[in-house]
Amino acid sequence: MILAKITNSRYNSNLTKGLVMLFVCLISYNNSHAFFKKKGNKVNVVSVTGTVRSSVDDAVLPGVNVVLKGTSNGVTTGVDGKFSIQVPTQEVGKAVLVFSFVGFKTTEIPLNGKTVLSVALEEDSQMLEELVVRGYGMQKKSHLTGSISKITNKQLDQIPVARVDDALVGQVSGVNIQMTNPAAGEAPNIRIRGQGSISFDSNPLIVVDGIVVGTDADFLTSLDMNNVESVEVLKDAASSAIYGSRGANGIIMITTKKGVEGPAKISYNSYFGIKSVPRSGILTTPEKWAEFVKANNGGVLTDRMRYIQQLGTYTDWEKVMMDGGAIHSHSISARGGTKNTKYRAALSYLDDEGVLLTDNFEKINLRLNLDTKITKRISFGTVFNASHTTQRRFPIGIHDAVRQNPWLPLYLDANSIQYVNRFRENGRWANARIGDYAMERMFDNYDLEAGQPLASGGTSISSTSNQNALAKVLERRRMRYQSKVLARAYLKAKIMKGLSFKQSIGGDIRYKRNTDFTGVEATRNGAGDAASNRSTSLQFHTISESTLSFDRTYGRHSINAIGGFAYEQWNREFSGIQSAGFENDLIETIPAANVIGASTTEAQEALVSYLGRLDYAYADKYLLSVSTRWDGSSKFGPDNKFGFFPAASVGWRVSEEGFLKNSSIIDELKVRASYGITGSNSGIGEYDHIGQISPVATALGGTPIGFNPINIANSELRWERLVEFNPGIDVAFLRGRIGVSLDYYVRTSRDLLLSLPIPSVTGFSTALVNKGVVENKGFEVEINTRNIVGRDFVWSTRVLMTHNKNTLVDFASSEDLISIVDPKRPAEWIAMKGQPISSFYGYVVEKEIPAEFINNPFYPINAQSQDVYVKDINGDGVIDTDDRTILGSPYPDLIWSMTNTFKYKNFDFSFMLQGSHGAEVRNISSQYINNEFSSNQDYTSNFPDADKVVQRIFTNDDIQDASYVALRNINLGYTLPKGLIPGVRSLRVYLSAQNLLYMMANGYVGYNPEGIDQGLGNPLTYGYQRGPAPIYRTYSIGLNVNF
């Protein structure tokens, strides 16, 4: 059995790796500490101490660089603004300390013999400007005319999650990040300003350190949050248009940490957490069900319940399948450099055991950054990121894992083996032994009076012939191994004042290997279903970009411009092999004799681009930005290869006008508006525009005898286009105490790709064409306040709110389209003009069927009838398809978050509340958990109203409110006083919790209201929920050390 292979070796291995990482860190600390000890002649020194504050509000300033002028001797202020620096005794009378900090003027202070200082730094109106990363450059936030949100990594790396995107939940307005599958290592669902495509995903483009890595959020598994400096989200078309054909769904730009001038600084960050799933109360127990039967059956138990009580077994399937786990992370980095060359190197390890029985995720990450100034005019830089992940995936849905009857034991023991029916199914269990997996059918046909199993007759208590759920999980091994490398190098030359040329070359390599082994005990069919499947995929992506940039100010005129050329190429390979016929679990590799199928594919794609952007500002008041990009893709035919994506935005800094410039209330007031066009080709295959064929082989020998077409050629295929208008306003009050940003947007997606029905005489049922229009419109609010700013106490608040409305404007001249996900349970969705892309469709429940008309209203345990009475919507006295109506929408009306941050002396405390309201899900899981398809729950043959009922899955009974409010993150930290530990610049310990509170809506029956799998990837059936991984709670303790 595969179970026998599961030992403590995994945990021992993880512990060993953790100890090795800790050992490396201790060695690094000892070496670095020893390195900085001066050898040779003893020098008399004196400690100069002091506190650095802001001259504006007298707040202490942590992180200020304090350097003895003319030397490399330097320190930084602690969280309390205090510093201590060693100065040679003979230099105290003439030494000068240089204080520098972003946003403040660099200040030089002569000591003149003093050893205690109180320093007040003045704000620098130019440096105080926050810079925002955008496509192919940076811009001062005050000059932004598009909609871009920035999140700096202050405490995001302390959230105990395995992925960068998981840490961004609730951090950005206009961005909906749903924990659709929170199993270890799995990607969440990310949407920026709604669903824009009818047929394909609307994932945002991801850009890491200037390298476009595509729309696959799975790439974010390769990054370590400890290496991330900031995340910018480009939301409107004007900001995204510089990326042309790939910016239609917004852009997530990730900037990693770089080296700094100064001696080498070693940092170690670590946390350890425990993860668990809160009890839901969804499942019942045999004891509680017996009470229900008595209460509704005249105080008498049914024979089935008597048998179950006699059996005396109970399994808590939630506890078995959601066993919880640990997560721990270790990251060590070094950074430093000279005035001309700066570097940073980091190595990290993470192990996430998940909360499900077998899911597990491990990651090793290596990152290197180097920037150097070769001459006064030429600079060079490179970035390298390599990662390897190992993931064991939970093999079945949660609905399947917990649907088993609660009376079924996990294994046969001395008690339960007495009830095994060795006569059933031709003696299938004649040789059953203690320790075997228990199956429900083993216990059928039991004679309660004689106290023994029968060949037929008696009392049967099974509700499924399936294998024990534990066997389904333990006897199947689904593994995913991924190796990813991202690299980029650039050479930048200053041609003349304000004009520079930059050439960059980079790309990424992704290798993925999946293995899926189904053991002989994994299913009810035994060795007949035993199988081993393997697949590998390789993608090699290269990119070359050449840009010319200009940045000059002429009096009151500021001009920033960039133009360039880019070329990208992708080479993709895939191979898969399927096998069967395994008699045991000893070997999981695939012998030639067991192969039942194999295939390989190769594909290439290329993109050539011309880009340009001009930013103009007059007197820092009147702002203009114009950009354009021409993209040419190999995915399209000769007449549609190129797409043109222009954008323009304007802004007016009203606060710079004379009538507001000296206002004591309004610090900043900017009105802006943008208009742009972006595109998407993510739903088109590499060769969809041409006719493709596939070889046809004979049944024996596999000799090709011809070719079959696999698609209909369409040379008219072209880009999906998004047109967006976005007015907005930014305002700051009371010396920056209050900041507000408001955005309203209308984004219209046109030329959407649809698979339209075509005549069957063509040999195909559908063909891909550009048809359809979708509109998303809404508003975003961002409020930042500094509520209290004192010497020792600071309190700030951030509130985000997002509302989006999705509307299908045109559907290829059709009024509506009905779609289903599972032919076995064909619940319906409808795409109707004037409604969202995806709406739940069906009947409205009127009432339940009386118990006397149900075959067995008291069994299975936790069961309910499959059918219900529904309303006659059109009032014609007949229940038919004309009584169907729209039942709800999977899209939320409001998403919000509120973050509060407190600092008191050396303590810091923060928490985030986050919520979503208005979304609904079609929760098919309840049909499994409640055994709705059991024949016991069918109506009787004498039921008089069979024409007035329908199955629940076609009704609003399974449409459930997916709203929630969560205490997403809470963090309490303490920073030790500086100098307490020799050689340690700073040390902070913290306690953290994630999802400490998670309140679901009344009426939702499940473990994760965010768990939407999009109807197996189809936007037309979005809102489908069947067995997603549960929302979990994490408690962790962490450590941040800087040497």
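The values are calculated or read from the model by the stated rules, or taken from the named source; none is laboratory data. If you're wondering where the values come from, they're calculated on a predicted model, not measured in any experiment. All Cβ positions, glycine included, derive from the backbone under ideal geometry; neighbour counts span all protein chains shown.
Listed by position, the strands (runs of 3 or more DSSP E) inside segment 882-953 whose residues that are closer than 15 Å to Q866 by Cβ and among the aromatic types (F, W, Y) number at least 1 form an empty set. Pairs meeting the criteria (first residue in segment 571-593 and more than 15 Å from S535 (Cα to Cα), second residue among the basic types (K, R), beta carbons under 9 Å, at least 6 apart or on different chains) are D585/K5.
Of all the listed residues (E815, E828), the sole one being acidic (D, E) and at pLDDT below 90 is E815.
The C-beta contact set for segment 479-499 (first residue on the phi > 0 side of the Ramachandran plot, second residue in a strand (DSSP E or B), distance under 8 angstrom, 6+ apart or interchain) comprises G498/F550; G498/D551; G498/R552.
Within segment 290-303, can one find any residue that is outside any loop (DSSP other than H, G, I, E, B), polar (S, T, N, Q) and either more than 24 Å from the chain's Cα centre (by Cα) or modelled with pLDDT under 90 (or both)? Checking segment 290-303: at least one residue is outside any loop (DSSP other than H, G, I, E, B), polar (S, T, N, Q) and either more than 24 Å from the chain's Cα centre (by Cα) or modelled with pLDDT under 90 (or both). Please indicate, with yes or no, whether at least one residue in segment 603-614 is of a type in the set (V, I, T) and over 20 Å from F565 (Cα atoms). For segment 603-614, residues of a type in the set (V, I, T) and over 20 Å from F565 (Cα atoms): absent. Just so you know, in segment 423-442 the residues that are surrounded by 14 or more Cβ atoms within 10 Å (Cβ to Cβ) and of a type outside the set (A, V, I, L, M) include one that is nearest to the chain's Cα centre (by Cα), and it is Y437.
Applying the set (1) touching a helix residue (DSSP H, G or I) at 6+ places or on another chain (Cβ under 8 Å); (2) crowded, with 16+ Cβ neighbours inside 10 Å; (3) in contact (Cβ under 8 Å) with a residue 60 or more places away in the chain to N855 leaves exactly one unmet item: (2). For segment 510-526, filtering for residues that are assigned to a strand (DSSP E or B) and more than 25 Å from the chain's Cα centre (by Cα) leaves 2. Taking interchain pairs and intrachain pairs at least six residues apart, which have beta carbon atoms under 9 angstrom, with the first residue in segment 441-458 and closer than 14 Å to R304 by Cβ and free of Cβ contacts under 8 Å to residues at least 24 places away in the same chain and the second of a type in the set (A, V, I, L, M, F, W, C) and in a loop (DSSP other than H, G, I, E, B)? Close Cβ pairs satisfying both conditions: D444/I461; D447/L454; G458/L448; G458/A450.
The listed residues are G247, G298, G259, G281, and the only one of them that is under 27 Å from A345 (Cα atoms) and either crowded, with 17+ Cβ neighbours inside 10 Å or out of contact with any strand residue (DSSP E or B) (no Cβ under 9 Å at 6 or more places or on another chain) (or both) turns out to be G259. Among residues of segment 357-383 that are within 15 Å of F501 (Cα to Cα), those with a Cβ under 9 angstrom from a residue that is surrounded by 18 or more Cβ atoms within 10 Å (Cβ to Cβ) and of a type in the set (D, E), sequence gap 6+ or separate chain, pair up as S379/D371; F380/D371; G381/D371. Restricting attention to segment 488-509, does a residue exist that is surrounded by 20 or more Cβ atoms within 10 Å (Cβ to Cβ) and outside any strand (DSSP E or B)? So far as segment 488-509 goes, no, none of its residues is surrounded by 20 or more Cβ atoms within 10 Å (Cβ to Cβ) and outside any strand (DSSP E or B). Return the residues of segment 708-726 that are surrounded by 17 or more Cβ atoms within 10 Å (Cβ to Cβ), out of contact with any helix residue (DSSP H, G or I) (no Cβ under 8 Å at 6 or more places or on another chain), part of a strand (DSSP E or B) and of a type outside the set (D, E, K, R); say none if nothing qualifies. Across segment 708-726, the qualifying residue is only F725. Considered as a group, the residues in segment 920-978 that are of a type in the set (F, W, Y), in contact with a helix residue (DSSP H, G or I) (Cβ under 7 Å, 6 or more places away or on another chain) and under 26 Å from Y1024 (Cβ atoms) include one that is surrounded by the most Cβ atoms within 10 Å (Cβ to Cβ), and that residue is Y928. The residues of segment 376-411 that are charged (D, E, K, R) and either assigned to a loop (DSSP other than H, G, I, E, B) or at positive phi (or both), listed by number, are K376, R377, R403. What number of residues in segment 388-428 are closer than 30 Å to R163 by Cβ and small (G, A, S)? So the answer is 2. Within the span defined as segment 653-665, one or more residues are in a strand (DSSP E or B) and more than 31 Å from the chain's Cα centre (by Cα). Among the residues of segment 471-483, none qualifies, meaning not one is closer than 30 Å to Q937 by Cα and in a loop (DSSP other than H, G, I, E, B).
Only one entry of V64, V60 meets the criterion of being surrounded by 20 or more Cβ atoms within 10 Å (Cβ to Cβ), in contact with an Asp or Glu (Cβ under 7 Å, 6 or more places away or on another chain), in contact (Cβ under 8 Å) with a residue 40 or more places away in the chain and of a type in the set (A, V, I, L, M), and that entry is V60.
I'm trying to understand the selection: among the residues of segment 609-628, which are surrounded by fewer than 16 Cβ atoms within 10 Å (Cβ to Cβ), in a strand (DSSP E or B) and among the aliphatic types (A, V, I, L, M)? Once the filter is applied, which keeps residues that are surrounded by fewer than 16 Cβ atoms within 10 Å (Cβ to Cβ), in a strand (DSSP E or B) and among the aliphatic types (A, V, I, L, M), segment 609-628 yields only L624. Scanning segment 430-450 for residues that are assigned to a loop (DSSP other than H, G, I, E, B), touching a Phe, Trp or Tyr at 6+ places or on another chain (Cβ under 9 Å) and farther than 30 Å from I924 by Cα turns up A430, I434, G435, D436, N445, L448. Checked against (1) closer than 21 Å to I895 by Cβ; (2) at pLDDT 95 or above; (3) not polar (S, T, N, Q), F725 passes all but a single condition, namely (1). Picking from residues in segment 145-169 that are in contact with a Leu (Cβ under 8 Å, 6 or more places away or on another chain) and either aliphatic (A, V, I, L, M) or assigned to a strand (DSSP E or B) (or both), the one that is nearest to Y268 (Cα to Cα) is L156. Candidates are the residues of segment 192-204 that are of a type outside the set (A, V, I, L, M, F, W, C), on the phi < 0 side of the Ramachandran plot and crowded, with 23+ Cβ neighbours inside 10 Å; the one that is nearest to the chain's Cα centre (by Cα) is P204. Every condition in (1) more than 23 Å from the chain's Cα centre (by Cα); (2) of a type in the set (A, V, I, L, M, F, W, C); (3) surrounded by 21 or more Cβ atoms within 10 Å (Cβ to Cβ) is met by I327 except one, and the failing one is (1). For the criterion of being surrounded by 22 or more Cβ atoms within 10 Å (Cβ to Cβ), touching a helix residue (DSSP H, G or I) at 6+ places or on another chain (Cβ under 7 Å), farther than 16 Å from K257 by Cα and not aliphatic (A, V, I, L, M), R367 fails.
For segment 257-269, the criterion of being under 24 Å from the mean Cα position of the chain (by Cα), within 29 Å of A187 (Cβ to Cβ) and not in a helix (DSSP H, G or I) is met by at least one residue. Residues considered: T180, T221. Of these, the only one that is among the polar types (S, T, N, Q), assigned to a loop (DSSP other than H, G, I, E, B) and at pLDDT below 90 is T180.
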